[in-house]
1. Where is the GNM fluctuation largest for the chain (alpha-carbon springs, 10 angstrom cutoff): ARG260, ARG96, ARG36?
2. Treat each spin label as a single point 7 Å out from the Cα along the C-beta direction, and report the GLU183 to ASN121 distance in nm.
3. What is the order of LYS305, LYS172, LYS189, LYS71, fewest Cβ neighbours within 10 Å to most?
4. Among all the aspartates and glutamates, which ones have a C-alpha under 19 Å from LYS305's C-alpha, if same-chain residues fewer than 8 places away are not counted?
5. Go through 118-125, 218-225, 250-257 and give me the packing order, highest mean Cβ count within 10 Å leading.
6. Which ordering of SER275, SER129 is given by a fewest-first count of other beta-carbon atoms within 10 Å?
7. Taking the Cα-to-Cβ direction at ARG278 and at ARG295 and moving 7 Å from each Cα, how far apart do the two end points lie in nm?
8. Please give the charge dipole size of segment 240-294, origin at the Cα centre, charges +1 on K and R Cβ atoms and -1 on D and E Cβ atoms. Round to the nearest 20 debye.
Amino acid sequence: MMRIMCNETLSSRGVYVATVAANDAVCDEHYRLRLRLTEFPPSRAGQFVQLQCRPPAPQLGAAVVDWPENKPPQFTQPELMGTEPLLRRPLSLAGRRDDAGAVELEILYRTVGAGTRRLANVRAGQELSVLGPLGHPLPIIDAKPAAALVGGGVGIPPMIYLAHALQEAGKKATAFCGARSRELLPLAKGVQPAATDGTPTLCTAEFAQAETPTVLTTDDGSLGVKGFITQAFEQWLDSGAAAGNQLVVYSCGPEVMMRRVGEICIARDIECYLSLERHMACGMGTCQSCVVKIRDAGEQGWSYKLCCTDGPVFPAGDVIWE
Ligand SMILES: Cc1cc2nc3c(=O)[nH]c(=O)nc-3n(C[C@H](O)[C@H](O)[C@H](O)COP(=O)(O)OP(=O)(O)OC[C@H]3O[C@@H](n4cnc5c(N)ncnc54)[C@H](O)[C@@H]3O)c2cc1C
Ligand code: FES
């Protein structure tokens, strides 16, 4: 089992107040959020933040709560009585820009429930509380010159950040992005059309900016190749576009997709990292809500690890799927 260590980034997390620079719809159910901060610790692709999906409540100070005998305590504080989500939500960093004296973080999110729907109503100029950066990054492997980035749905954002990091590291990357239909693909049109035969092209603006040709698939065939992204990825490997021993594969998205990406890579002996998702209440290793079963050298051959602090990135061969 391989450990991915990055203590520098783990120890420098903090809580920061960000100003919303933009929060715009990019397609059905997906938004691009740009946050400006005066400071934010160094971060890397694969890391995430825990975002408070509502502007910070006014500091109300300590309140005395009435707790009558044999009755529940009488909560009256607005932050406990309101309908707004109390817990932060984990969201991957899709990008980062550092200007003189300011940091801009980019997040791409899909509205699926109370928190992300509330986030979609936040306007430019409002403030949001950001906890991060959290988790271990996707590792860039010095010895491997080529990379394949396989993202599905809300797993695409960390792949965009990674594409830029790989470009800076001088790697030859190819992206594979899948969605159910063109309306659910959170990416803008690039300078070339999406191929229907699985040829990577500069068909998305986000990956084109990192000079990363991309294969798009949609389940209904409304854009790119019709079918699953795992099929297009396997076909690309079969075509011999990259030698397996020169290649690192990174994947994030629905579990069924990552599991298949892992199987494909393990069968071909290709180094592969998966960025797992779990429900995360704290994101910092405290609540134990995010366990994943990971192979290890112990007596029973596996142990539970915390997706937030031990992951979210794990080598594909270490993940035990249930
Ligand atoms: C490390 C990490 C990075 C993530 N990055 C992104 C990202 O970049 N963009 C993005 O859109 N989403 C991302 N997610 C998922 C995102 O955190 C959830 O969609 C969000 O918390 C839902 O909050 P909600 O209040 O809107 O929905 P809820 O009301 O909490 O849930 C709505 C539905 O979504 C499901 N759900 C909620 N959280 C998760 C989760 N963590 N995994 C699987 N299903 C979940 C619930 O079971 C429910 O069916 C990430 C999750 C993790 C753990
Ligand atoms: S989210 Fe709390 S321990 Fe991982």
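Rule-based calculations on the coordinates, nothing more; no lab input. In this text the structure is predicted, and so the values were computed from the model without any measurement. Neighbour counts are summed over all protein chains in view; Cβ atoms, including those assigned to glycine, are modelled from backbone coordinates with ideal geometry.
1. Result: ARG260 has the largest fluctuation of those listed.
2. In this crude spin-label approximation the distance works out to 2.3 nm.
3. If I rank by nearby Cβ atoms, fewest first, I get LYS71, LYS189, LYS172, LYS305.
4. GLU255, GLU277, ASP296, ASP318, GLU322
5. Per-residue mean Cβ counts within 10 Å order the peptides as 250-257, 218-225, 118-125.
6. Neighbour counts put them in this order, fewest first: SER129, SER275.
7. 1.9 nm
8. Using Cβ point charges on Lys, Arg, Asp and Glu, segment 240-294 gives about 120 debye.
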